[in-house]
Each structure stands twice: as C-alpha cells, then as structure tokens.
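All of the numbers you see were taken from the coordinates with simple rules; none came from a lab. In this text, all values refer to a predicted model and were calculated from it rather than measured experimentally. Every residue, glycine among them, receives a Cβ derived from its backbone with ideal geometry; neighbour counts consider all protein chains shown.
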Amino acid sequence: MVLTGSTFDERGTNVFREMLNGALSGEGTMSITMDISWGGNNSLENIIHVARSGFGFSLGLSNGAVAINSGNLSSGGAISGARLTANTWTKVTVDILGHEVTVTLNDGAATSTATASISDINWYTGAADGGDTQNEMYSIGHRAPGWNNDGLNGTKLSSLSVSYAAVPEPSAAALSLLAFMGFAARRRRK
C-alpha cells in the first residue's frame, strides 16, 4: 500500500493510521519518503500531522532537524543527527518498525542515518466536528488533499509518499526454510 500527496484525504488518513498502527505493533514496516528543502527558519514545521486536540502523530522539522512525535509536533521530538542543511534539497526516508525509527538523509553529496524511538499513538476519538473521529492530515501547513509546493517559511516539499510492507510471520519463514532444507537433503541423496 502506498500513499502519495494526492491521496492525503480522509480515506488516506484512515489508511495512514492503519499503516502506522501495523508498524508500531511490529506487523509491518512503514516508510515515509520525501524530497524537501528546509528554508532555514528556526521553528516547528509540520510535514505530516495526523492528530487533533493533541492526540495522534506528527512528523516535521524542529529548527531544521527531523522531528517525530506522538501527538502535536514539539521541539522535544527532534532527532539528534537528523538535521537538514538550509536551502539544500534532501531525500528524507523515515522507516518505522515497532517503536524504532530510522531516519536517512541524502542530499546528493552525503548520506547520514539517525535513530530514535516513538511511543504508542493515542488517537483522537472525541466528539469534535459533530462526532467526527477523523484526524486532520496535512503537510507543510496545507491540509488534504496534497502538499503545498510553495512551502512554509521557505521550506519546500517536492514529493511525499508513505508505504507499508507486512513483515512475514516467523512461523511462515521457518516453514519455508524447513521446506528448502528438505528439498536440498532429498536432492543430495539422489
């Protein structure tokens, strides 16, 4: 399953939550990939915000460092070692498996990797908007259905995608290995 900027609508928000819940439970790996140029502004800038009333998930920049939070974006979620260079296009990949987060930055000249962890997500289930339990999802200050290519505070985003891949169950992998070993042993006997 893949989400791109054009599918960040209400349905996409639900899919995003399912992907993230699956990744946090260890059932799959979630990968968020974007091409971004940080404008040099020392502030908090949401890239993805699937939250309401302080509940949910945020991914963004805190003074140019990639930040990830359970709830609203805060400077406390900044990931050490995941800092962007101002006005330099960088491919950012955020991989989530279990509660471990790996951020890879590639600006064309160098690649760096940083790690962090994220807690479980407490999704909003209140009665705002007439009982609507949907969360808001937007990127670079612009709500669904896409991203704001013109940027926020000089920050620009040219692509954004979210993908999810299920992790094979250990029992399935073990059965496959046993079957392979059986075929190999049978072949040797011949």
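Given H placed 1.01 Å from N in the peptide plane, which residues other than close sequence neighbours of Leu84 have an amide H under 5 Å from its amide H?
Distant-sequence amide H within range of Leu84: Ala65, Val66.
What distance in nm separates the simple spin-label points at Asn63 and Asn14, each placed 7 Å from Cα in the Cβ direction?
4.1 nm
Compute the projected area of the convex hull of the Cα atoms of segment 28-121, averaged over all viewing directions, and report it in nm² to one decimal place.
5.5 nm²
Taking 0.36 nm per residue of sequence separation and subtracting the Cα-Cα distance, how much length would be gained by fully extending the chain between Ser53 and Asp107, in nm to one decimal?
16.0 nm
If amide hydrogens are placed 1.01 Å from N in the peptide plane, which non-local residues have theirs closer than 5 Å to the one on Val167?
Gly28, Thr29
For Gly39, list long-range residues whose amide hydrogen, built 1.01 Å from N in the peptide plane, is under 5 Å from its own amide hydrogen.
Asn87, Thr155, Lys156
Relative to the Cα centre, what is the charge dipole magnitude of segment 1-108, using +1 at the beta carbon of each Lys and Arg, -1 at the beta carbon of each Asp and Glu, and rounding to the nearest 20 debye?
180 debye
Please list, in order along segment 51-61, the HN-Hα scalar couplings obtained from phi with the Karplus expression 6.51 cos²θ - 1.76 cosθ + 1.60 (θ = phi - 60°), rounded to whole Hz, x for Gly and Pro.
7, 8, 6, x, 9, x, 9, 9, 10, x, 10
What distance in nm lies between label points placed 7 Å from Cα along the C-beta direction at Asn42 and Asn21?
The modelled label-to-label distance comes out at 4.1 nm.
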